[in-house]
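S.K.: Sending over a structure as structure tokens; questions will come in a sec.
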Amino acid sequence: MKQKAPFLPGISSQLSGRRPRRQIEALRLLRDQILSSSICDYGQLFHRILPIEGLEQSQQTRRKRCYPEVVTFWAWISQLLERNASCHQAVTLVQNWYHEGGLAAPAFNTSSYCRARVRLSEAFLDHVAESVSSFVESRAEAHHLWRGLRLKAIDGTSIRLMDTTQNQKEYPQPSRQKPGCGFPVMGVVGVLDLASGQLTDYVTCRHQEHDSVGFFQLRESFSKGDLVIGDRAFCSYAMLGNLLEKDVHSLMRLHQAREKKLSWKQGKKIDENSRIVVWKKPSAPPGSRMTKTEWDTLPDTLTLRLVRSSGNGRDGRKRTIYLITTLLDPEAYPTEEITAVYAERWKIEVKFRDIKTTMGLDEFRVKSPEMAHKTLRMMQLCYNLIKALQLESIRGEAIVMDELGFQGTINVINEFRSSFRNLQDKPILLARKLREIESRITERILRLRPNRHEPRALKLRPNSGYQLLTKPRGEFVEIPHRTRYKKAA
């Protein structure tokens, strides 16, 4: 084949170099690289739970922004992991991410980040929730269940919001507080999976509403094979019958109204502390959120098991409590174990304390109910991520989930957060670092002390250098030149 003679014989063609790439294209490729790999602080730590590729595919961000959904999500998670830190701290973290990638960092202005939090789509958060749930279910083991049943506790709590007109309209402040001197309170009813520690579902309501109102909105959270554990607020004919229709068992403390009329000799005796009783359906659903059609479908009678248990109350005195359950077989479900299982209900109180006190989320610093709902969703995802990491750490170990310290796990996460930089392309070093973190988490074992009683009292006195706000700020008159106030103005 005939070839043309070179233009400059004796000079290599490699000296001419490659075709120059446009600068804007180079910046775009570098920017894409930083968004996918530089958020390794948390993205690499939780990459087995939330793969980075899946997050990038599920994000709804189409424009090239400084705060796409993936970056916004991890920045918000960083706030929650550091005791509900400010948005300024989250922006500083994002600036550090961009700086490590060699790109110009966004301006130190929280307005762009706050708008990005508002834009965070429900579809993206749904993908995160599904990924965490799938990861936890794949690691479920038989010893996490009780006699083949998955224990789920239900209870209510409340969260304080900022005093804005929108929040007051949706979630009014308690009636005993004067106008302008209180804070809106958002009620929350949640379901906790005691097997994995996951907060599986929740609903919001006004704090004045009874906890049982939230139950009827959470009925779809329970399925066959679950054992629902609740306090006396959830012990009603409607709730027990509704769960039984779905082949869901329940274990509740007997409602105080029924306990006043209780005669222990009624029903069929099983053993010394257990009897079979029959409840008749009331003529009308008192205070129930069920429709008349749903109420009519309930059975006319319920055959239940009444269990008696004794123990020490908070005051240290002996006390007898009565439990009601749909577990009728005394051989398959012994009375002593039923009493012990009901004691597990207290764990949901402890988990709410971990979220509100340990994570500093007893108050949401948001100005609208919409952002309060989104913050609550992020709180659930952050808490479930921590529990999923704990579950992965103890897999194959003779350690129970409740033995791991929640605050200790958060300390390990924050301490090792910056240890993943430049490890995204080094799988051996990355796996070694993850094993080290799991080892550190399993070292934080709590010394459990059952039946421990300590008085609920504060030792530290409040600072008396300020007056109490007893009127709206526009009407309040401050007493000048005072360092101590013995009474309100």
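S.K.: Per-residue accessible area for E259 at 1.4 Å probe radius, Å² rounded to 10?
M.R.: Rounded to the nearest 10, that gives 50 Å².
S.K.: For the full complex of protein chains and a 1.4 angstrom probe, list H255, H99 by accessible area with the highest value first. Mind dumping the intermediate values first?
M.R.: On the way: H255 55, H99 130 Å².
The residues order as H99, H255, largest area first.
S.K.: Rounded to the nearest Å, what's the spacing between the alpha carbon centres of region 155-214 and region 324-350? Just the number, please.
M.R.: Each part's Cα centre sits 28 Å from the other's.
S.K.: Percent of alpha carbon pairs in the chain separated by more than 37 Å? Spell out each step's value before the answer.
M.R.: Details: 51035 of 119316 pairs.
Everything past 37 Å amounts to 43 percent.
S.K.: Taking the Cα-to-Cβ direction at E478 and at F216 and moving 7 Å from each Cα, how far apart do the two end points lie in nm?
M.R.: Simple spin-label model gives 4.9 nm for this pair.
S.K.: Would you list which lysines come within 17 Å of K433, measuring only between C-alpha atoms, while excluding same-chain residues fewer than 8 positions from it?
M.R.: Here the lysines satisfying the reach criterion relative to K433 do not exist.
S.K.: Under a 1.4 Å probe, what is the accessible area of region 221-265 per residue, stated in Å²? It would help to have the intermediate numbers written out before the result.
M.R.: Working: 1920 Å² over 45 residues.
Solvent-accessible surface per residue comes out at 43 Å².
S.K.: Then there is this: Rounded to the nearest 10 Å², what accessible area does W146 have for a 1.4 Å probe in the complete protein model?
M.R.: Estimated to the nearest 10 Å², W146 gives 40 Å².
S.K.: Taking a 1.4 Å probe, which of E438, E331, E349 shows the most accessible area, and what order do the others take after it?
M.R.: Numbers: E438 30, E331 155, E349 60 Å².
My answer, sorted largest first, is E331, E349, E438.
S.K.: Let me ask something additional. In debye, nearest 20, what is the charge dipole magnitude of the chain about its Cα centre with +1 on Lys and Arg Cβ and -1 on Asp and Glu Cβ, if you could check? Walk me through the numbers on the way to the answer.
M.R.: Numbers: 79 positive and 54 negative charges, 309 e Å.
That gives a dipole near 1480 debye.
S.K.: To make sure I understand the rule: partners must be lysines, Cα under 18 Å from the Cα of K292, and not fewer than 8 residues away in the same chain. Which ones qualify?
M.R.: Output for K292: K280, K281.
S.K.: Continuing with this model, one more query. Considering only protein heavy atoms, what is the solvent-accessible area of R452 at a probe of 1.4 Å, reported in Å² to the nearest 10?
M.R.: 130
S.K.: Once Lys and Arg get +1 and Asp and Glu get -1 on their Cβ, which of M379, G360, I428 lies farthest toward the positive end of the dipole of the chain?
M.R.: Of the candidates, G360 comes out farthest on the positive side.
S.K.: If you fit an axis through the alpha-carbon atoms of helix 87-100 and take the longest principal axis of the Cα set of the chain, what angle between them do you get, 0 to 90°, nearest 10?
M.R.: 30
S.K.: Go ahead and estimate [θ] at 222 nm for the chain from helices alone: -39,500 (n - 2.57) per DSSP H run with n ≥ 4, summed, over the residue count, rounded to 500. Write out the running numbers ahead of the final one.
M.R.: Details: 17 runs with 182 residues, N = 489.
That calculation yields -11000 deg cm²/dmol at 222 nm.
S.K.: Starting from the Cα gyration tensor of region 275-375, take the square roots of the eigenvalues, sort them a ≥ b ≥ c, and report rounded, prolate or oblate (rounded when a/c is under 1.5, otherwise prolate if a/b is larger than b/c, else oblate).
M.R.: Values: a/c = 2.71, a/b = 1.29, b/c = 2.10.
Taking the square roots of the gyration eigenvalues as a ≥ b ≥ c, region 275-375 is oblate.
S.K.: Oh, and also: On average, how much accessible surface per residue is there in region 314-459, in Å², for a 1.4 Å probe, leaving out ligands, DNA and RNA?
M.R.: Values: 8040 Å² over 146 residues.
For region 314-459, the per-residue accessible area is 55 Å².
S.K.: Further, regarding this structure: Once you've got the Cα coordinates, tell me which of K224/K246; K268/K318; K169/K367; K152/K246; K347/K387; K152/K347 are over 18 Å apart. Don't skip to the end; give the middle numbers.
M.R.: On the way: K224/K246 7 Å; K268/K318 26 Å; K169/K367 12 Å; K152/K246 15 Å; K347/K387 14 Å; K152/K347 10 Å.
Pairs exceeding 18 Å: K268/K318.
S.K.: Oh, and also: Got a number for carbon plus sulfur as a percent of region 223-355's accessible area, 1.4 Å probe? Could the numbers behind the result be given before it?
M.R.: Working: 3470 of 7160 Å².
Roughly 48 percent of what the probe reaches on region 223-355 is carbon or sulfur.
S.K.: Right, here's the next one. With a 1.4 Å probe and every protein chain left in place, work out the accessible area per residue of region 64-176 in Å², rounded to a whole number.
M.R.: On the way: 5170 Å² over 113 residues.
With the other protein chains kept in place, region 64-176 gives 46 Å² per residue.
S.K.: Could you give the length gained on full extension between T165 and I270, defined as 0.36 nm per residue of separation minus the Cα-Cα distance, in nm?
M.R.: Working: separation 105, 0.36 × 105 = 37.80 nm, distance 5.72 nm.
Stretched fully, the T165-I270 segment lengthens by 32.1 nm.
S.K.: Ordering R317, R377, R353 from largest to smallest accessible area (1.4 angstrom probe), what's the sequence?
M.R.: Values: R317 165, R377 35, R353 135 Å².
Ranked list, largest accessible area first: R317, R353, R377.
S.K.: So, with a 1.4 angstrom probe, what is the percent of accessible area on region 387-467 that is carbon and sulfur? Kindly include the intermediate steps, with their values, before the conclusion.
M.R.: Working: 2750 of 5630 Å².
Answer for region 387-467 is 49 percent, counting heavy atoms of protein chains only.
S.K.: Nearest 10 degrees is fine. How inclined is helix 23-37 to the longest principal axis of the chain, computing both from alpha carbons?
M.R.: Between helix and principal axis, roughly 30 degrees.
S.K.: Expressed as an acute angle from 0 to 90° and rounded to the nearest 10, what is the orientation of the C-alpha long axis of helix 406-415 relative to the principal long axis of the chain?
M.R.: 10
The values are calculated or read from the model by the stated rules, or taken from the named source; none is laboratory data. Note that the structure is a prediction, hence the values are computed from the model and not measured. Positions of Cβ are backbone-derived with ideal geometry, glycine not excepted, and every protein chain shown enters the neighbour counts. Accessible surface is based on the protein model in full, side chains and every heavy atom, while ligands, DNA and RNA are left aside. Shrake-Rupley method; radii C 1.70, N 1.55, O 1.52, S 1.80 Å.
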